[in-house]
Amino acid sequence: MAEVIVVTSGKGGVGKTTSSAAFATGLAQRGKKVVVIDFDVGLRNLDLIMGVERRVVFDIVNVIQGEARLNQALIRDKRVDTLSILPASQTRDKDALTKEGVGTIIEELSKDHDYILCDSPAGIEKGALLALYFADQAVVVTNPEVSSVRDSDRILGVLQSKSKRAEEKRDPVKEHLLVTRYDPARVEKGEMLKLDDIREILAIPLLGVIPESESVLRASNTGTPVVMDAESIAGQAYKDAVGRFLGEKVEHRFLEAQKKGIFSRLFGGRAA
């Protein structure tokens, strides 16, 4: 049976879909059979970040409504052969998703996958609640800012009360914290929350810290998950997070501001 992982946050714009794509790809690169599902009906973006937007014929709503079989809607990644994508619909309403329909899809995918990643939309409306309902584990994505951390704290409450595991009084959803867009220099200046403060507020295990990096935008624009960019500090940080998720002891990196040399100070220089 597959482990179901929801990538969630509550707040929009924190990097959930980027993280879903990177995390799913990273697990598949490690030989795991992975499928990532886009739950953001009406505003799908996962297919763009994964670089498969031109290959979308059917989507999750088509499958739920019996207009296509699951294997017709799944898109196999051409770069990592153990990775598949189930896109969201761009034209339907979120009410087209049903708990029974999503449950049937997850049950079918569980038969021959190691991990099912659910890329949650922002907020706590129907799509987001369905994305987390079947979760065994949750990657809670937050930025180092007060509003983002507050919304993540709210999502933790939802996970603990509205998941299937909570309903059935089973072991709770296992939670992981992923801090994205972290800029140590701005943290030092007091412009961003310190990592220790975020951890104290949310009080869940730290999976990874993804530094602010231009490579994230570059990867999104080219349809290549940033974890595939071995030169990028963000790509390396996602790879580290995948290792930790799989139980490896990996030191946290990119937490300190880099001291610039004289040429960097004179001519600038941004993180790759």
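At a glance:
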{"item": "Per-peptide average of other Cβ atoms within 10 Å, ordering 218-225, 243-250 highest first", "result": "218-225, 243-250"}
{"item": "Cβ-derived FRET efficiency at R0 35 Å, Asp153 paired with Glu256, nearest 0.05", "result": "0.85"}
{"item": "Within the accessible area of the chain (1.4 Å probe), percent carbon and sulfur", "result": "48"}
{"item": "Nearest-20 debye value, the range 77-136 charge dipole, Cβ charges on Lys, Arg, Asp, Glu", "result": "200"}
{"item": "Gap separating the Cα centres of the range 1-57 and the range 64-139, nearest whole Å", "result": "9"}
{"item": "Helix-derived mean residue ellipticity, 222 nm - over the chain, DSSP H n ≥ 4, -39500 (n - 2.57), to 500", "result": "-11000 deg cm²/dmol"}
{"item": "Listed residue pairs exceeding 29 Å between alpha carbons, taken from Lys94/Lys239; Lys78/Lys169; Lys16/Lys94; Lys78/Lys126", "result": "Lys94/Lys239; Lys78/Lys169; Lys78/Lys126"}
{"item": "Ordering of 26-35, 103-112, 6-15 by packing [mean C-beta count within 10 Å, highest first]", "result": "6-15, 26-35, 103-112"}
{"item": "Whole-number percent relative contact order across the chain, with pairs defined as alpha carbons under 8 Å at least 6 apart", "result": "24"}
{"item": "Listed residue (Gln160, Ile64, Thr222) projecting farthest to the positive dipole end of the range 6-249, Cβ model", "result": "Ile64"}
{"item": "Beta bridges by DSSP in the range 6-249, antiparallel share as percent, to the nearest 5", "result": "10"}
{"item": "Per residue value of the accessible surface for the range 6-249 (all protein chains in place, 1.4 Å probe), Å²", "result": "44"}
{"item": "Cα-based convex hull volume of the range 106-164 per residue, rounded to whole Å³", "result": "85"}
{"item": "5 Å-binned pair-distance histogram of the range 177-225 (Cα, whole percent)", "result": "5, 19, 23, 20, 15, 11, 6, 0"}
{"item": "Of the DSSP H helices in the chain, those whose Cα atoms cover at least 15 Å axially and whose Kyte score averages -1.0 or more", "result": "16-29, 99-110, 146-162, 233-245"}
{"item": "Sequence ranges 187-193, 174-180, ranked by mean other-Cβ count within 10 angstrom, highest first", "result": "174-180, 187-193"}
{"item": "The range 31-153: C-alpha pair distances exceeding 20 Å, %", "result": "42"}
{"item": "Where N is the number of residues in the chain, Cα Rg divided by 2.2 N^0.38 Å", "result": "0.99"}
{"item": "Relative contact order (percent, whole number), the range 1-129, Cα cutoff 8 Å, 6+ residue spacing", "result": "44"}
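The values are calculated or read from the model by the stated rules, or taken from the named source; none is laboratory data. Everything numeric in this text was worked out from a predicted model, so none of it was measured. Heads up, the Cβs are rebuilt from the backbone with ideal geometry, glycines too, and the neighbour counts pull from every protein chain shown. For accessibility, only protein heavy atoms count, side chains too; no ligands or nucleic acids. Shrake-Rupley method; radii C 1.70, N 1.55, O 1.52, S 1.80 Å.
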